[in-house]
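Right, one structure below, let's go through it.
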């Protein structure tokens, strides 16, 4: 399980365009907002993704990059990103290995978890927020922490 203060587990996963994304490639460059969500095109996940989309310039202005993660296939991610004009990358975690590595808990053991991690430029987890029911609250929480990190710089 990945906890606040620890180094974030590194990974390399494909995005919606089948391009490989490696967490450590952002080290010393950008804060990373890594958010895990259950499934493309579901109401809560769509609301969350659109909230991240609508706040995307606030994140980038504060020096952060947003990465969404679910077990959906790249093709499904591509359709989801296209339909909702998502400016950030959606990563494919087939089988949920990365979610398990980060300790993202499933709801009732069935539904993939919804959890957001803010990872600083040194690769340390600075914030962890879990809420299956309040999907859009993840965005405000993450942005608040990213702005705090920007102020510390």
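The values are calculated or read from the model by the stated rules, or taken from the named source; none is laboratory data. Not measured: the values here are computed from a predicted model. Glycine gets a Cβ as well: all are built from the backbone with ideal geometry, and neighbour counts include every protein chain shown.
Here are the numbers for the structure shown:
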| read-out | value |
| --- | --- |
| Qualifying positions in the range 102-131 - on the phi < 0 side of the Ramachandran plot and more than 14 Å from the chain's Cα centre (by Cα) | 105, 106, 107, 110, 111, 121, 122, 124 |
| Enumeration of residues in the range 35-66 that are in a strand (DSSP E or B) and either surrounded by fewer than 21 Cβ atoms within 10 Å (Cβ to Cβ) or over 12 Å from the mean Cα position of the chain (by Cα) (or both) | 65 |
| Test result for residue 90, at pLDDT 95 or above and under 11 Å from residue 33 (Cα atoms) | no |
| Strands (runs of 3 or more DSSP E) enclosed by the range 68-136 - at least 2 residues per element that are free of Cβ contacts under 8 Å to residues at least 60 places away in the same chain | 125-130 |
| Qualifying residue in the range 44-60 (condition: touching a residue at least 60 places away in the same chain (Cβ under 8 Å), closer than 13 Å to residue 120 by Cβ and touching a strand residue (DSSP E or B) at 6+ places or on another chain (Cβ under 9 Å)) | no |
| Flag if residue 10 is at pLDDT 95 or above, within 14 Å of the chain's Cα centre (by Cα) and within 20 Å of residue 142 (Cα to Cα) | yes |
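Matching residues to (1) closer than 14 Å to residue 36 by Cβ; (2) touching a helix residue (DSSP H, G or I) at 6+ places or on another chain (Cβ under 6 Å); (3) buried (at least 17 other Cβ atoms within 10 Å of the Cβ); (4) modelled with pLDDT of 95 or more:
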| position | (1), (2), (3), (4) |
| --- | --- |
| 94 | yes, no, no, no |
| 111 | yes, no, no, no |
| 124 | no, no, no, yes |
| 133 | no, no, no, no |
